[in-house]
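I have placed the structure first, in the form of structure tokens, so that the comments after it can refer back to it.
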Amino acid sequence: MVHRGNNMIDFKGFFSKKIGPKETDAPQTFDHHITGSIKSYYKRRIYSPILYLVLLLLLAGIFPVRSMISPVRLSDPNSIKNAYKTHNSYGRIRLKNLYFTGYRQYWMGSTRGYYYYTVMKDKVVLVLLDPVTSEQGNPTIKNLTVHARILKDPATRQLVLEKLAEDLSWTRQGLTGSVSHYTLSEPDATGILPRLFVLAYVATGLFALISILAYILYIRHPAYARQIRRLAPYGNPRKMLKEAEEELSTLPQLATEDMFITQHYFIETSTYGVAIVPIREIIWIYKYSTLHKLLWHHFAISYTLCLTCNKHRYLRCPKNTKSNIDGIMDYLSEANHDILVGFSEENRRKVEVIQNDLLPLRKILAFLSRRV
């Protein structure tokens, strides 16, 4: 029996009927349909992490990300200048004989850093140190290794030079000629924002790379995919996949566009994901509707099938028609009479008892009561 209105096919009746010589229609075959759907699913998903890695590489070409992650070694004014010109604005340098200028940099009412100067190969280099590193403005620092960002002619440099010229009774022109154009700023390299950026860049980059490698593995070997591994609490995942494939390819009991029922399994192979669950493990099924609209215009209503299974596994099959979901629910309830059908407070409480959801809370309360 074929219901063309709701795209649902009852294969049980079809296969039980003998096909005559003039009947040329053949049932749809589902050979390796599950593994093929898993491959297609991850082939679609692999583009996102690839594009994200390309974006990270573009950011590394525009911004000095490489030196932020791995600071270059600096030694003198020439190395500072060369590092800045080669897009390596973050470095680590060992400084000697730092002298406090007497000036600070403020940000939102609090001290962001203390300005020091040191002489390197007849050049005065300004250094902005973190309050903790400088011990809140220690007059002199003999030796210090600092992680800093190289800033070329920052706006604050001119203000510091003007004040220093007044204090040292030098002319501004004479002092400017002796001071390097490059300032080393520790807060700009070790502040919360640079650290968060580096952490996010590295963590998300590694996640994207691992995702790409995992997706390639799942495309080549679908049996290792997460959807199949999730069957582990119910038995051997690979054997269950093989059994589900055989049942789906030989005699599926019911089929919609993306949901199938075989003798022992409920299967979903939609664009939203692939899922397999043994019918005997389903304990509760229900549906809910979603109204799709744009501003005040209502387009359509779609329905989502929700399944609660043993071992705290939950499945959602969105964007389906009401007739398809009703047919699936009726078939599942007939295949397993222990399945609770429909959303209600009574069914929710029954599932809570079956799943023993309150056990962790009871254990905590029992532990606290013993401690008291």
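The values are calculated or read from the model by the stated rules, or taken from the named source; none is laboratory data. None of these values were measured; they are calculated from a predicted model. Because the Cβ atoms are built from the backbone with ideal geometry, glycine has one as well, and the counts that use them run over all protein chains shown. We work out accessible area using only protein heavy atoms, side chains counted, and drop any ligands, DNA or RNA first. Shrake-Rupley method; radii C 1.70, N 1.55, O 1.52, S 1.80 Å.
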### Task
Express the carbon and sulfur contribution to the solvent-accessible surface of segment 194-282 as a percent, rounded to the nearest whole number, probe 1.4 angstrom.
63
### Summary
Using the Cα gyration tensor of segment 83-173, the equivalent ellipsoid's semi-axes, largest first and to the nearest Å, work out to 19, 17, 15
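If R₀ is 41 angstrom, what is the calculated FRET efficiency for the pair V119 and L51, using the beta carbon separation as r and rounding to 0.05?
E(calc), rounded to 0.05, equals 0.25.
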### Query
Any idea what the alpha-carbon Rg over 2.2 N^0.38 Å comes to for segment 289-349?
1.34
### Message
With every protein chain kept in place and ligands, DNA and RNA left out, what is the accessible area per residue of segment 225-308? Probe 1.4 Å, answer in Å².
### Response
47
### Query
Given a Förster distance of 51 angstrom, what is the FRET efficiency for L196 paired with L251, based on the Cβ-Cβ distance and rounded to 0.05?
0.35
#### Entry: Cα→Cβ-extended label distance, 7 Å offset, between T86 and A300, nm
5.9
### Task
Skip the ligands, DNA and RNA, and give the accessible area per residue of segment 61-148 with a 1.4 Å probe, whole Å².
56
#### Entry: Pairwise FRET efficiency - R316 versus L291, Cβ, R0 = 22 Å, nearest 0.05
0.80
### Query
Where does each of 57-66, 181-190 land if you order them by average Cβ count within 10 Å, highest first?
181-190, 57-66
